[in-house]
Amino acid sequence: SWWTFAANANYLDSTGNLDAVEHDPHTQENQAILVNGSSTFKLGYGAVTAMRGPYVVGYTNGERLVVITGEPSHKSTALEWTAGRRTALGPGIAYGVNDRGDAVGNNDPNLAGQGAPTLWRAGRAVRLTDAPGSAYAIGDDGTIVGQINDSAFLVRGSDTSRKVVRIDKLLGKSPWHVNAAYA
């Protein structure tokens, strides 16, 4: 049976031995979990952003609630869990996943908003455009939406060239400006 939802958990209220905190690289780091009724399944360290059937996506960058003085900054890695097995997709963060396990997000390892919209499919990262932004969702037909610069974009699932189309252009002479598409 499918899990009801995926979530992020941590040990916010359990500090434990403060001397040991400095030596544990995962102290209070987010952990991804699956929940079904009162049952939970720990996926491991990382943060969940989306779930579709057996696929869960997100990222890890070692972020934790207790910051260690002098600790080096961590790079962000996009993740996908399939049937509980964790796979690193590459630098960045994955925001969406479809029923085939295709994931989308951006390839910024520093979470600073300078990455490019990225599709991860069959173990390969495909940059959708060089413009800074992120892909936020992918439909089961492969249609991708997101944001580049300050404009929403769409990549039609049927377009094998993966041409990025700004949604404003689809609106004709509308006075509206669409700055992001999330689903």
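The values are calculated or read from the model by the stated rules, or taken from the named source; none is laboratory data. Computed from a predicted structure; not experimentally measured. Note: ideal-geometry Cβ built from the backbone for every residue, glycine included; neighbour counts use all protein chains shown.
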Return yes when ASP159 is in a loop (DSSP other than H, G, I, E, B), surrounded by 11 or more Cβ atoms within 10 Å (Cβ to Cβ) and without any contact (Cβ under 8 Å) to a residue 24 or more places away in the chain and no when it is not.
-> yes
Could you check, for the stretch 127-140, whether at least one of its residues is closer than 19 Å to ALA88 by Cβ, under 19 Å from the mean Cα position of the chain (by Cα), modelled with pLDDT under 95 and among the small types (Gly, Ala, Ser)?
-> no
Any idea which of (1) modelled with pLDDT of 95 or more; (2) not in a strand (DSSP E or B) is the one GLY90 doesn't satisfy?
-> (2)
Cβ pairs under 6 Å, 6+ apart or interchain, first in the stretch 61-89 and under 11 Å from GLY46 (Cβ atoms) and polar (S, T, N, Q), second at pLDDT below 85 and surrounded by 13 or more Cβ atoms within 10 Å (Cβ to Cβ), ordered by first then second residue, are ASN61/HIS74; SER76/ASN61; SER76/LEU111
